[in-house]
Each structure stands twice: as structure tokens, then as C-alpha cells.
Amino acid sequence: VQLQASGGGLVQAGGSLRLTCAVSGRTFSSYGMGWFRQAPGKEREFVGAISWRGGTTYYADSVKGRFTISRENAKNTAYLQMNSLKPEDTAVYYCAASFRTGEAMKSQNLYNYWGQGTQVTVSS
């Protein structure tokens, strides 16, 4: 299974970006998908996750109401729509795939496959 994250870039505070995670290999619809981020000098942290059918989503408190996760199983693709971006959202964003469901999807240790990361920089 290979994951390719894209869509990062430089944006001003208050702006929006949409990240895309394209998945190849085994059946995409078997996996829950998660997004994580790592800012300079900080540990990688959970951003959000979506169940394999897309019916359940989870978000970190810091992004609730601003970020939205979605997926299109027919296209083997997951998305992270980021609105009202803040400078503190600056980080490398990673997508990941997991066989787990439920609250376990908040734990990065329970993910099976990872993408390479895409840089998001929010200027003030």
C-alpha cells in the first residue's frame, strides 16, 4: 500500500487549503484514514480521521469547526479541507491508513501505512 499526500503550500492566515491523499495498492475502502501533522521542534500529533465508510469522523480540538475530512472510495482518495488557517497550523501534514476503527484512530501508533508528508505554511 502506498500513500501520496499533496496539496500543501503557503497561504495567509484565514485562508484555505485542501490536502489530498491518494492511496494505491490494497482495497482503499478497507482502511480508516487519518491525518497527522508535525510542526518544527514538536511531536507529530493527531489532526483528524475518518472511518472506512466515511460515516464517522474524529478531530483534534484545535481544528474542530475549521477542518473537514472526507473520502471518495471510488477514487481511492481522502481529503483534508482546511479553512480559517492559523499560523499555528504550520506543519508537515501526513496521511495514514489504519485497519482500526473508532477512537483508536486517534492513535498514530495504530496506523499501518503512511504517506510522505506535505508542507503547509500559514503566514500571519
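Rank these residues by their accessible area, most exposed first, probe 1.4 Å: Tyr113, Tyr79, Tyr31. Don't skip to the answer; put the middle values down first.
Details: Tyr113 60, Tyr79 20, Tyr31 0 Å².
Largest accessible area first, the list is Tyr113, Tyr79, Tyr31.
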Provide the per residue accessible area, probe 1.4 Å, for region 1-123, rounded to a whole number of square angstrom. 49 Å²
Suppose the Debye formula is applied to equal point scatterers at every Cα of region 1-102; what is log10 I(q)/I(0) at q = 0.10, 0.14 Å⁻¹? -0.25, -0.49
Would you work out if region 72-112 is rounded, prolate or oblate? Take a ≥ b ≥ c from the square roots of the eigenvalues of the alpha-carbon gyration tensor; rounded if a/c is under 1.5, else prolate when a/b is larger than b/c, oblate otherwise. oblate
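Counting only protein heavy atoms and a 1.4 Å probe, tell me what percentage of the chain's accessible area is made up of carbon and sulfur. Don't jump to the answer; show the numbers that get you there.
Working: 2710 of 6210 Å².
The value for the chain is 44 percent carbon and sulfur by accessible area.
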Most positive-pole-ward Cα, Gln38, Ser24, Gly8, against dipole of the chain from beta carbon charges: Ser24
If the elastic network links every pair of Cα atoms under 10 Å, which of Gly54, Gly34, Gly25 fluctuates the most in the Gaussian network model of the chain? Gly25
Which value, in Å² rounded to 10, gives the accessible area of Val1 with a 1.4 Å probe and all protein chains present? 50 Å²
Total lysine pairs under 21 Å (Cα atoms) in the chain, excluding pairs fewer than 8 apart on one chain: 5
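Can you give the local net charge around Phe46? Use residues other than it whose beta-carbon is closer than 9 angstrom to its beta-carbon, Lys and Arg +1, Asp and Glu -1. The partial results should precede the final answer.
Numbers: positive: Arg37, Arg44, Lys106; negative: Glu45.
Around Phe46, the charge tally is +2.
The values are calculated or read from the model by the stated rules, or taken from the named source; none is laboratory data. What you see is a predicted model, and the numbers here were worked out from it, not measured in a lab. Neighbour counts run over all protein chains shown; Cβ positions are idealised from the backbone, glycine included. What goes into the accessible areas is simple: the full protein's heavy atoms, side chains included, and nothing from ligands, DNA or RNA. Shrake-Rupley method; radii C 1.70, N 1.55, O 1.52, S 1.80 Å.
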